[in-house]
Amino acid sequence: MEWVETTAETVDDAKALALDRLGIDDGDAEFEVVEEPKAGLFGRTRGEARVRARIKPNSVRAKADRRDRRGKPTTDRSTRPSTTRNERSARPERTDRNDRGPRPERGTRSPRPERSNRTEAPRERTPRAELPPVDPTTVSDVAITFLQGLVTAAGLKGSVSAKVEGENIDIDVLGDDLNFLVGTKGATLLALQDLTRVVSQRRLGDHETRLRVDVAGYREKRREALSRFALKVAADVKTSGQARALEPMNSSDRKIVHDALVESEGIVTRSEGTDPFRRVVVALASTLESSAEFDDADDSDDSSES
């Protein structure tokens, strides 16, 4: 996946900007600190923090590395030594208790066998070979099969289609009365998208494609509504001269607001707080530093937040 690079006064601020640009949460990102601010006189800092980030590749654990619920490696029952009937019959028969000979006197113990000082060298793990890339069409077909089965199992009527462009896969679920699959502010839709990714990407070992799921055109309707709302807020900020903080949003919705106002003259936006309470602040350009402005050409909106 491609890296994005951001700069800010602190490393945390630079990471937050990178998360907004990628449209993901902290758990799905991989960071690389390129440069940190240097300490100056009287507690001041010089320079800026520079951070590179990208979407964390999905990894599939090898079968030998899987562990059970208690954290212990699972073992294959087929590899356990088994005792055949012939081996059991070859064991010496038990003798009568009276034929075992005299017991040793109390207080005397048989000497313990000497322990060997030899230590076995730790076994080196053989590195797992890199899996070949998965055809995006295969990922798309598995996603369609899963979603079509889910719609049928839920007693709903709908059709599932996919559009594949390079590494981007857009899955559309169309039909009537599908609000059940969207939920409040798209929360159920995000969970449905995560499930589809597990089935179609992680199980296949796909690390490259970017899969998005939409139900009944909800994402486009949400984008249009948020864009209109963001433009209205920007007009109010210009009139009053006061910055305005919007309600907490997931990274996908925050990116829609940033994109809607990126070309608004005299207006800048920034994100504040930590998830799930992170929100967008809309203010006049004269009241915010230019480094706080969000300007992103990436059209990713595949946030896994809820």
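Among the residues of region 201-234, those identified as surrounded by 13 or more Cβ atoms within 10 Å (Cβ to Cβ), of a type in the set (Gly, Ala, Ser) and out of contact with any strand residue (DSSP E or B) (no Cβ under 8 Å at 6 or more places or on another chain) are Gly205, Ser227. Of the residues examined, Arg270 is one that is within 28 Å of the chain's Cα centre (by Cα), crowded, with 18+ Cβ neighbours inside 10 Å, more than 21 Å from Gly27 (Cβ to Cβ) and of a type outside the set (Val, Ile, Thr). Note on region 210-248: residues that are closer than 29 Å to Ser140 by Cβ and either in contact (Cβ under 8 Å) with a residue 40 or more places away in the chain or not acidic (Asp, Glu) (or both) total 16. For region 8-29, the condition of being touching a strand residue (DSSP E or B) at 6+ places or on another chain (Cβ under 7 Å), modelled with pLDDT of 85 or more, in a strand (DSSP E or B) and more than 16 Å from Arg254 (Cβ to Cβ) holds for none of the residues.
So which residues in region 145-175 are over 16 Å from Arg197 (Cα atoms) and of a type in the set (A, V, I, L, M)?
Passing the criteria: Val151, Ala153, Ala154, Leu156, Leu174.
Among the residues making up region 133-170, those that are touching a Leu at 6+ places or on another chain (Cβ under 8 Å), at pLDDT 90 or above, among the aliphatic types (A, V, I, L, M) and closer than 15 Å to Leu204 by Cβ are Val139, Val142, Ala143, Ile169. When you scan region 268-277, do you find a residue that is touching a residue at least 40 places away in the same chain (Cβ under 8 Å) and among the basic types (Lys, Arg), even just one? Among the residues of region 268-277, not one is touching a residue at least 40 places away in the same chain (Cβ under 8 Å) and among the basic types (Lys, Arg), which makes the answer no.
The values are calculated or read from the model by the stated rules, or taken from the named source; none is laboratory data. Nothing here was measured: the structure is a model prediction, and the numbers come from that model. Note that we place each Cβ from the backbone using ideal geometry, even for glycine, and neighbour counts take in every protein chain shown.
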